[in-house]
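Worksheet: one structure, shown below.
The values are calculated or read from the model by the stated rules, or taken from the named source; none is laboratory data. Remember, predicted model here, so these are calculated numbers, not experimental data. Cβ coordinates were reconstructed from backbone atoms using ideal geometry, including for glycine residues, and neighbour counts include every protein chain displayed. Each accessible area value is taken on the protein alone, full model and side chains, heavy atoms only, with ligands, DNA and RNA left out. Shrake-Rupley method; radii C 1.70, N 1.55, O 1.52, S 1.80 Å.
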Amino acid sequence: MYVITFSDYLKQTFGTKVYKLSLSSGCTCPVRDGTLGTGGCSFCSAGGSGDFAEPFRPVREQIAAAKRRVDAKFPHAIPPEQRRYIAYFQSFTNTYGSPERLRPIFEEAADCPEIVALSIGTRPDCLPPAIVEMLAALNRCKPVWVELGLQTVHERTALAFGRGYALPVFEDAYRRLKEAGLLVVVHVILGLPGESREDMLATVRYLARLQPVLDGIKLQLLHVLEGTALGEQYRREPFPLPDMEEYCRLVADCIALLPPQTVVHRMTGDAPKKLLIAPQWSADKKRVLNTLKKYLKLSD
């Protein structure tokens, strides 16, 4: 079987090399502002899982700054005026607000000719009908990917890290987003405390059975970070984390469960090195990616 990278998938989809720009919408999160809790999910950093995103300010200013950060990656043969990007609203919960406030932010990004798509990270419990309608309207102008933070299907784990919603909430949001014609990408964290290998594979099996078929998935290694409740827990009583070989075997087995229509957007993820407590092997990105490639090849 011929397998393409996500970078190649973007090139096939948009006709050119594409990079993501990590942006902020100025939203917070219901598990931070006191609605469902404070402090966020136990693994979530002060940056709201968007530690590499631009700080909130006018969107065009964010885009300009983010472009300066990624433009060195573009092949020299592609001149600046021909470079294309995805506006990735990454930090916190980017639909946690009124359509009146959020629409101008997303429209400003969509109006930029160099932006080929919007990717909006959020929670399933922050998608009321008016927000879904707004996203569907945006999708008629530029492709919109909605990224849902599920992390696990196991309620005991979700309660432990403070997710704040039950699985049926995800199922309802997924159904309504697909009915609205939106592409959906689901985030899964591998290595959450108390989860066995089989527990993690069960989460991916569940997603592999979704109808309509899941558009995309992000497989994220659990990073234990400074300044988080999980980091404090780990300092007091370290819990087991996968080593690199175990993790790469697990990722290969997860991908083998997915239908061919589901695009794998991420296989590991990055953490700021100054915040990373464990696993330290994850900071060597080149070695991790090479090991992942080895196990994907071994698993055919």
Checklist entry - Toward the positive end of the charge dipole of the range 85-174, about the Cα centre and with charges on Cβ (Lys, Arg +1; Asp, Glu -1), which of Phe161, Tyr88, Val116 goes farthest? => result Phe161
Checklist entry - Per residue, how much accessible area does the chain have with a 1.4 Å probe, in Å²? => result 47 Å²
Item to check | Distance-filtered residues of the range 110-148 - backbone nitrogen under 18 Å, label point 7 angstrom along Gln82 Cα→Cβ | outcome: 113-116
Item to check | Among Gly37, Gly231, Met267 the positive-end extreme of the charge dipole of the chain (Cβ point charges) | outcome: Met267
Item to check | Highest average packing first - 71-80, 157-166, Cβ atoms within 10 Å | outcome: 157-166, 71-80
Item to check | Solution diffusion estimate, µm²/s, Stokes-Einstein, the chain, Kirkwood Rh from C-alpha pairs, 10 °C, viscosity 1.306 mPa s | outcome: 80 µm²/s
Item to check | Cα centroid separation, the range 201-268 to the range 14-40 (Å) | outcome: 19 Å
Checklist outcome for this item: Neighbours of Cys27 by Cβ distance under 12 Å: Lys/Arg at +1, Asp/Glu at -1, summed charge +2
Item to check | With every protein chain in place, the chain: carbon and sulfur % of accessible area (1.4 Å) | outcome: 54 percent
Checklist outcome for this item: Looking only at aspartates and glutamates whose Cα falls under 19 Å of Lys273's and that sit 8 or more positions away or on another chain, we get Asp51, Glu54, Glu226, Glu232, Asp243, Asp284
Next on the checklist: Set the bar at 20 Å for Cα to Cα. Now go through Lys67/Lys274; Lys11/Lys294; Lys67/Lys218; Lys218/Lys293; Lys20/Lys142; Lys178/Lys218 and name every pair that lies beyond it.
Outcome noted: Lys67/Lys274; Lys11/Lys294; Lys67/Lys218
Item to check | Length released on extending from Glu114 to Asp199, taking residue separation times 0.36 nm less the Cα-Cα span | outcome: 26.5 nm
Checklist entry - Sorting Arg32, Arg156, Arg236 by accessible area (1.4 Å probe), largest first, what list results? => result Arg236, Arg156, Arg32
Checklist entry - Between Glu155 and Gln211, what is the FRET efficiency for a Förster distance of 25 Å, r being their Cβ-Cβ separation, to the nearest 0.05? => result 0.70
Item to check | Inter-site label distance for Phe6 and Arg140 at 7 Å from Cα along Cβ, in nm | outcome: 3.0 nm
Checklist outcome for this item: Taking R0 as 41 Å and r as the Cβ-Cβ distance between Gln280 and Leu36, the FRET efficiency 1/(1 + (r/R0)^6), rounded to the nearest 0.05, comes to 0.80
Item to check | By average C-beta atoms within 10 angstrom, highest first, the peptides 273-283, 242-252, 85-95 | outcome: 85-95, 242-252, 273-283
Checklist entry - How big is the charge dipole of the chain about its Cα centre, in debye rounded to the nearest 20, if each Lys and Arg gets +1 on its Cβ and each Asp and Glu gets -1 on its Cβ? => result 740 debye
